[in-house]
1. Let's see if you can work this out: charge +1 on each Lys and Arg Cβ, -1 on each Asp and Glu Cβ, no other charges. What is the dipole magnitude of segment A:1-42 about its Cα centre, in debye to the nearest 20?
2. If eta is 0.692 mPa s and T is 37 °C, what Stokes-Einstein diffusion coefficient results for chain B, Kirkwood Rh from Cα pairs, in µm²/s?
3. Say the dipole of the protein assembly as shown comes from +1 at the beta carbon of Lys and Arg and -1 at that of Asp and Glu; which of B:THR72, A:THR222, C:PRO12 then lies farthest toward its positive end?
4. For segment B:248-263, what does the Karplus curve 6.51 cos²θ - 1.76 cosθ + 1.60, with θ = phi - 60°, yield as ³J(HN,Hα) per residue in whole Hz, taken in order and with x for Gly and Pro?
5. Positive end of the dipole of chain B, charges at C-beta (+1 Lys, Arg; -1 Asp, Glu), about the Cα centre: which of B:GLN28, B:PHE420, B:PRO398 has its Cα farthest in that direction?
6. At 1.306 mPa s and 10 °C, plugging the Kirkwood radius over alpha-carbon pairs of segment A:269-320 into Stokes-Einstein gives what diffusion coefficient in µm²/s?
7. Which of C:LYS11/C:LYS104; B:LYS12/B:LYS295; B:LYS178/B:LYS506 have a Cα-Cα distance over 27 Å?
8. Compute from the Cα atoms of segment B:495-547 the Rg and the Dmax, the latter being the longest Cα-Cα distance, and quote both in angstrom.
Amino acid sequence: MSFDASLVGRFLKGDKRACARIISIIEDRRRGYEEYMEALQPHVGSAYIVGITGPPGVGKSTLINRLAAEYLHAGCSTGVIAVDPSSPFTGGAVLGDRIRIGEIALDPKFYFRSLSSRGSLGGLSEAAVDVIRVMDAFKKEIILVETVGTGQNEVDVMRACDTTVVVTMPGTGDDIQAQKAGILEIGNIFVINKADRDGCERTLRELQSMLMMNPLNDKYETPIILAKSNIGEGIAEIKAAVDKHRIYLETSGWFSVNRAERNARAFKNIMNLKIIDEINRRLSRAENYEEIESQVKNGALSPHRASVQLMEYIEKKILHHSAE
Amino acid sequence: MNLEKMKESFNKWKSDYNKKKDASKLRQKKFMSVSSYEPEPLYTPLDLEGFDYFEKLGIPGDYPFTRGVHNTLYREKLWTMRQFAGFGTAKQSNERYKYLLKNGQTGLSVAFHLPTLMGLDSDNPLSRGEIGKDGVAIDTLADMETLFDGIPLDRVSTSMTINAPAAILLAMYIAVAKKQGVAPEKLSGTIQNDILKEYIAQKTFIFPPEPSIKLIVDTIEYCSKHLPAWNTISISGYHIREAGATALQELAFTLIDGRTYVEAAIARGLDVNEFAPRLSFFFNSHNDFFEEVAKFRAARRIWAKLMKEKFGASSQRAQLMRFHTQTAGCSLTANQIENNIVRVTIQALAAVMGGTQSLHTNSMDEALALPTEKAVRIALRTQQIIANESGAANVIDPLGGSYYVEKLTDEMEKGVMDYFDRIDRMGGVLSAIDKGFFQSEISDAAFRYQREIEKNERIVVGVNSYCDGNNEKGGGEILKIDEKIEREQVASLTQLKKKRDNDKVKSSLERLKNDAKSGANVMYALIDCVEAYASLGEMCDVFREVYGVYEEPPMF
Amino acid sequence: MSEKIKVLIAKPGLDGHDRGAKVVARAFRDAGFEVIYTGLRQTPEQIVNAAIEEDVDAIGVSILSGAHNHCFSEIMNLLKHNSIDDIMVFGGGIIPEDDVAYLKSIGVAEVFGPGTPTDDTVKFVKANVRKGNE
Ligand code: B12
Ligand SMILES: Nc1nc2c(ncn2[C@@H]2O[C@H](COP(=O)(O)OP(=O)(O)OP(=O)(O)O)[C@@H](O)[C@H]2O)c(=O)[nH]1
Ligand SMILES: [Mg+2]
């Protein structure tokens, strides 16, 4: 498939179908997807991106539905990207986050897209980050991104957001412990959802004491908000907290620093992936590649020894050759 | 009995058996029940070592009621033959009820259409295309009056399959009776009123769990004061099973739901000996005859123990479990539909052997549409043949003492206790619902069952085996709901909404809102609303506003 | 990364029968499809909107309540109204034979009734969606 300028034209006029199609092209990394990214580039940069993360079932989608309604109500064009884990064996997936989207589904200013992580290593976060950019170019002022808070992929997606909201619920002390490593330090706002449940106080105390271990920041205090997303309680507070964090980022200068870093990281990640892809592609053409691989498989050759052999090949045949 | 001798001969038999098994002489690699349970090839006294008759079984009518809830069982009174029915308008369903009563049916069972189940009026845009399709359309008291026109409510018992808006339909029933001159204490019947299994299986929920349970306790409280002969809830495994659960899951999930309601009623301050006798149950009966019988027997035993030991119920009436049974709709096929008559017969017989109090037998055209009159008649006749010709109703718990059935009954009990532990560790039923535990257990079982059929590991006659020719589907006539019913129902509702005293409607709905907000028992306000001809949708809107609505967690 | 067949599994109307829809969704997932499940009780507008936003190849409608004629024809009308002709609509559930003929006449690709092996539905989708043909 070749680049279709009229698709971009329709996209820029606000045609949902065109947007949906371009997202697919980019998500699937179909040949020539870079051209679309390039065409949209001048339109990227005005959206504010909020990541919502937390363990399965804490109410992220419910919260997002309410929060999006709040933004729409305030006149903000709003997009949602929900990243769902996929079935690791077949690469298929059932994506169910849409279930939570209520009346706002048909609001013309609203756009919801599910994204499967496709069980692939690497690539997910890059695709998600690019889909965020497409929605940005589609003139969404606010983009809410849902991920299950486990694994490096998800953390990478969150790092592509301006504000990260970490959602927990009462009685999940263990979950918080488990998350501590990755998510706690990237959370800018904490929400204890399902505050109607027993054990809310305890979870609050636990969270407070964990946050105390974070380095002190006298310009921004990480808030903990209690919410009952299913009935909409606490949502206005979350929105206010996002606004506050945004103002902090903007006045402190972190906003542009973060974005610059994010662009640099995106560039690096894309380059890394492409380099690996390209080298692998050329490597697989090496005369003895298959043989080495089969020797590794049957144990005749250790993986380390094989790698040394192939690195030599890379240096001599690929890199050296290209340098000329 | 000489156990040593038994062991010796058993071991010999087992080694002979294993020789054949190892030589692949057996018909199949795996022998499994409908629930994918793999029974032993032979059961003997060795399986029941240390079996204590009184602890495990007792005398029929006595604790733990394994053998039945009556000392005479069917010799005094047969089970109630109760066919679930309802379609189109109230007038059409009224005619079907009269037809069934004329044909020897002994109780009514009302099926409502989906808008009513979901608390929506027929004139709601979401109801389009659904009016009268899956049951009878009831919007206001006026429809309910027509539904029971000429049916004396003091002489017939009525079961209503209604859950989220159950309190409203009960209020309507009480109001119709009043108009017929029948006092509430004379009313007998059941509202299903079991919301937990809605989140788990049937999916006709409206409000979130906590306020829904509050509504249920309101009806329990109200009935224990005013409708002493009314079954306030029918704690249902039927739907759980139909959604794909195994027999064991059906039993475990139903009993733990029941436990949850008892806890809620006790928390309200109600006396267990007073309200528990009005709790009733509803189970499924599938094709695997022995598994089903064991399930019914275990159900009674577990419930009695729970009520006595955990909740301190001292009266026998509060310990014993009465239940309704329906044959398994999901076992019935669209191919070669006459075969379904045979399936239903086996299932109905299992229910009778299991000591059911009432029974619905499905019609052979189950997988095609709502049943035709002829199909319903055959289904009812099936029960009558079992009752009068088979001899099955002559003897109480005739399978009691069978090595296999007793062993299976014990295993069911053990399996249920394991599930109770797991669910309690999750924080109880509500939190397990929230985590999607029941839903994913059920969908796993449903998927496994489907794949077993597709891989021919499970034979379904007429579906994956014994299919003759191409012309397998359906057969002749099916019941079709006339599209013009929709227009009629909407027109008459519109008329009524104009005609009624709308000030009265407004003030009664206002009272309902206040009561719902304050946490008072809403039954009194509901009866007010109903009598002012407020519509079901209007009352549910009040609840939706006060309580919010529920969306399920996606589970695959 | 590769292109996946994307199917929206939709439950229109008030119908809560979801056993079949979930079985089918799971079979599709195991066949490597990406399945978007709409959840229960979606209006035709919501279904078509979801199909557009998610850029699916097909909409699989599951309905057992008898409201199929109404629900399918609304969906077909909305697709037409939005000039969408590359999303295949198919479905299953309890649908009498006469009605199957009507549904096909308004553009529904196929209707699968009780007892259908899920492998058949998987094969059908693979053979008939736009990506499958490329
Ligand atoms: C199981 C069942 C239930 C369960 C549902 C549990 C659940 N969560 O799904 C329970 C007991 C809760 C139930 C309740 C009701 N039910 Co019911 N139920 C059935 C039953 C017996 C089997 C359906 C089933 O799950 N089969 C197993 C699955 C795997 O098969 P399937 O759904 O047919 O799916 C297969 C194919 O159809 C196809 N398929 C289905 N969807 C899709 C989608 C796509 C994209 C594709 C490709 C294929 C496909 O592939 C699947 C695999 O082969 C049918 C009758 C029957 N035997 O079919 C009645 C039936 C559907 N129910 C009926 C009714 C009326 C009701 C109620 C409304 C009754 C009432 N008034 O209270 C309630 C309300 C339900 C609700 N919430 O909407 C009627 C509908 C009448 C009509 N259409 O004319 C039926 C036909 C029974 C009857 N003859 O009266 N029910
Ligand atoms: N009691 C209560 N339940 C809630 C609340 N918020 C959400 N829920 C319920 O929690 C369940 C899970 O909600 P989701 O929004 O799907 O959770 P999620 O985090 O998006 O789940 P995954 O996408 O599966 O990780 C649903 O049944 C919601 O109705 C709340 O504040 N209180
Ligand atoms: Mg979610």
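Read-outs throughout are calculated quantities, based only on the coordinates presented, and are distinct from any laboratory measurement. Keep in mind that this is a model prediction, so the values were computed, not measured. Note that each Cβ is placed from the backbone with ideal geometry, even for glycine, and that neighbours are counted across all protein chains shown.
1. On the way: 8 positive and 7 negative charges, 45 e Å.
For this selection, approximately 220 debye.
2. Using the Kirkwood radius from Cα pairs, D works out to 133 µm²/s.
3. Of the candidates, B:THR72 comes out farthest on the positive side.
4. For segment B:248-263, the Karplus-derived couplings read 5, 4, 3, 5, 5, 5, 5, 5, 6, 4, x, 4, 4, 5, 4, 4 Hz, x marking Gly and Pro.
5. B:PRO398
6. Numbers: Rh = 11.7 Å.
The diffusion coefficient I find is 136 µm²/s.
7. Working: C:LYS11/C:LYS104 19 Å; B:LYS12/B:LYS295 31 Å; B:LYS178/B:LYS506 23 Å.
Too far apart for the 27 Å limit: B:LYS12/B:LYS295.
8. Cα-based Rg and Dmax for segment B:495-547 come out at 10.5, 34 Å.
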